[in-house]
1. How about K226: which lysines have a C-alpha closer than 24 Å to its C-alpha, ignoring those fewer than 8 places off in the same chain?
2. Compute the acute angle (0 to 90°) between the alpha-carbon long axis of helix 177-193 and the principal axis of greatest extent of the alpha-carbon atoms of the chain; round to the nearest 10°.
3. Only helical DSSP H runs with n ≥ 4 go in: add -39500 (n - 2.57) per run for the chain, normalise by residue count and round the 222 nm mean residue ellipticity to 500 deg cm²/dmol.
4. Starting from the Cα-Cα distance between D267 and H230, subtract it from 0.36 nm times their residue separation and give me the gain in nm to one decimal.
5. Which distance in nm do the two modelled labels at A161 and D207 give, with both placed 7 Å along the Cα-to-Cβ direction?
6. What FRET efficiency comes out for A220 versus D111 if R0 is 35 angstrom and r is the Cβ-Cβ distance? Round to the nearest 0.05.
7. Nearest 5 percent is fine: what portion of the DSSP beta bridges confined to the chain is antiparallel?
8. For Cα pairs less than 8 Å apart in space and 6+ apart in sequence, what is the mean separation divided by the residue count of the chain, i.e. the relative contact order in percent?
Amino acid sequence: MPRPDAPVSSFTLGPALLFCPGSRPDRFGKAAERADAVIVDLEDAVTTAEKPAARAAAVTAITGGDDDVPALDPAVTVVRLNGVSFGELDADLTALEGSPVRHVVVAKADDLGVLDHVAAALPEARLIPQIESPIGVLNAPALASHPAVEALFWGTEDMTAGLGGTTARTADGAYRSVIRHIRHSVLIAAGAAGVPALDAINTGIRDLPRLAAEAEDACASGFVAKACVHPHQVETVRRAYTPDAGEVEWAKALLVALRQEAGADADPLTVGAFSFRGQMVDAPVALQAQRIMARYDATRVHQPGE
């Protein structure tokens, strides 16, 4: 059953999440300093031979660190698990059982069975299914509605391979139409279930203008955060999610008007239409104002002068 969403998403790991290979604990500290949250990757970024050490490093980091592995705050650290088809998932779960892990990406999540399996092993963790296959797209509404899920994520390269394609992007770096359709489908499935959606990475590390346009579109479309593969991408994503001064002034003023109209504890979901700056506004507009302020609160610590 879809769950009704709060007026503003409670997801606090964004807007810029940075992947870091679990096999490179020497990078954990720098990643944590740069990004809003770190995704310690046990999957694609780690060779089979390196996976045991990567698991150990991830667990050490979220349990306080040691001389060789910097500590990572479990509240803003995500561990990406291996997909079930590669035979490494159970080893990941065994390593993480009893640890303070709070967020995990379930790579190549195709069906509810794998979410049930992960949730049973890590009952205190919140799950982020990564939709990376055609069957995952078709099952996205069910995956989003799983009670342990806190957000939906999606990926491009495995998706393209699963479709029988060769590239996810055109020569100018834009998504192909089928990939845009998949992106929209995941966003809609998340919205219907009342959970946030996270936008996929852009592997074009040097193409920051393309990343900026993509992140701005993600923010405006409804994705609460975007994943990065390089530290240089983080500030571009954060800027895209940072409301400008005009948006902040408008949102603050509208919310003040809302409280004056309907009371200090007014719920934007139930407020009726009222006049603001010569226009009639209602609940959806008030929700937009709340989301602008939520983005402002999430990004302002990195703004000059804050």
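1. Leaving aside lysines fewer than 8 places away in the same chain, those within reach of K226 are K30, K108.
2. In the chain, helix 177-193 runs at an angle near 70 degrees to the longest axis.
3. Rounded to the nearest 500, the figure is -12500 deg cm²/dmol.
4. On the way: separation 37, 0.36 × 37 = 13.32 nm, distance 3.95 nm.
Once the chain is fully extended between D267 and H230, it gains 9.4 nm.
5. Output for this residue pair reads 2.0 nm.
6. 0.65
7. 15
8. 17
Where a number appears in this text, it was derived from the coordinates with a stated rule and is not lab data. No experiment lies behind these values; they were computed from the predicted model shown. Every residue, glycine among them, receives a Cβ derived from its backbone with ideal geometry; neighbour counts consider all protein chains shown.
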